[in-house]
Structure formats: structure tokens, C-alpha cells
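The values are calculated or read from the model by the stated rules, or taken from the named source; none is laboratory data. Just so we're clear, the structure is a prediction, and the values are computed from it rather than from any experiment. With ideal geometry, Cβ positions are generated from the backbone for all residues, glycine too; neighbour counts draw on all protein chains shown.
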Amino acid sequence: MVSPLYGGNIGSVCRAMANMGLSDLGIAAPRRNDMGEARMMACHATDILESRVEYPDLATAVADCGLVMGTTARLGLYRQHVKSARDWAPTALAASENSKVALVFGREDNGLSNQELSLCTQLIRIPTTNEFESINMSQAVLICCYELFVATEQYEPPVEKSEIATSEFRERMFELWKETLFAIGFMKDDKAEHMMLGLRRLLSRGSLSVDDVKIMMGVARQSLWAATRKDVEPED
């Protein structure tokens, strides 16, 4: 971070870094920021805040870095090689195996100066609408850190524990619903086929797990019992 204006942004950056598994925070040309506000916004990432390293200027901060990736919202003759954080993420990860990589974020009001940008080997521009291109610093950090984290392929989404319901099991569900819809007066004989096709279409837009079908059959049984007051055999 280069000369951040607000302590709250410093704390929010710490939290964003912690979310995405990063911990090495450097602040170049620091100002007199409100560290109380920073601690509050850092939430459970105060360890990153307290271990931050401050440097007199950006050149000193990135002196030992092989790749220096600076963020910019402005375009110009010497900024035409900008890419999104997603595009640059694989390059950053590959370079990090052999040298330090720096992600540089400029001031909230003016961004990075041309001299500071000249220290950057790559430029990042976060895609936005043309109507409003300015992004809060901590939000920009979160976006860039997120793209790096996704590129590592460390995240494993949760897996459905219930198996996909078989066709036979789904048909038993539809038969039960057909009986229930007749019992509650939702459909008549002349519209039954049409209504059941609609129900099938509704419940077939995504794969149904065994647990999904059991829930739907449970709702149908309870509705049928309430409508007819007759016992319905429980499902195994």
C-alpha cells in the first residue's frame, strides 16, 4: 500500500489478505493513520496489521521483488499493456516460486504516480463500468487477492453427500404428488397430464439427490394426510 489515507482501509486490507491466505503487508511512505480504526476494521486479522513493515518509499519497498504488479485505473500511452488480475494471476504464482512478488496499490485519491508505476513490471486494471471506474483500495486488494487464491486451486467446494436419486425413486415421488394434488383439489382429470408435465419440468431443472426426493415426498405425504386424514405409509 502506498501512502494510504485512511486507517480503516489499512485494516480492511488486512482482513482481505487473511481471507485469501496472504500475510506480508508493506506500507510505503506511510501517513499518520488512525491505527485504532485500522484494528477495528482488521477484525481477526490484527496479526497482519501488527506485523506490517513500513518503508520510506515504494522503491525501497519493492527493492527485493522480482515481479512488481501495480494497479491503475487510468489508461495512457505507457499503460496499454494492462491486464486484469485474473489474467496476471498465473504469472504472479509462477514467479513467486523463485522470487518475491509485490502487488502495489496506490493512494485512495490519486493512485500511483508515473514514477511509482515505472517501478512496476506489470500493470493490473480491474474491469469496471465506464460510468464509475474508481474502486475502494481495500476492495481492489480483495479482488486481486481473490484471483490469486482461485488460481492456486486450493479451494475445494463442498460435495453433495446424498447420492443422485434414481429414475425409479423420482417416479415414486411424482406418483405421490399426483395423488396429493388430486386430493387437495389442485388439479382435475382433464388437466392432470398437463399439470404433471409442468411439475416434472419444475423439479427437473437440476439434479435431485435422494435427500431432495425424500423431502419432497415428505411434504406430499403430510399434505395428503391433512387433505384426507388417512394414513400414508412412511418411506424407508
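Structure above, values below:
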{"quantity": "Selection count where residues are exposed (fewer than 13 other Cβ atoms within 10 Å of the Cβ) and at pLDDT 95 or above, scope region 64-89", "calculated": "1"}
{"quantity": "Exclusive hit being of a type in the set (D, E, K, R) and within 25 Å of SER118 (Cα to Cα), set ARG39, ARG86, ARG15", "calculated": "ARG86"}
{"quantity": "Helices (runs of 4 or more DSSP H) completely within region 1-88 that count 2 or more residues being farther than 21 Å from ILE135 by Cβ", "calculated": "35-42, 46-50, 58-61"}
{"quantity": "Residue among VAL213, VAL141 that alone is within 30 Å of ASP109 (Cβ to Cβ) and either touching a residue at least 40 places away in the same chain (Cβ under 8 Å) or touching a His at 6+ places or on another chain (Cβ under 6 Å) (or both)", "calculated": "VAL141"}
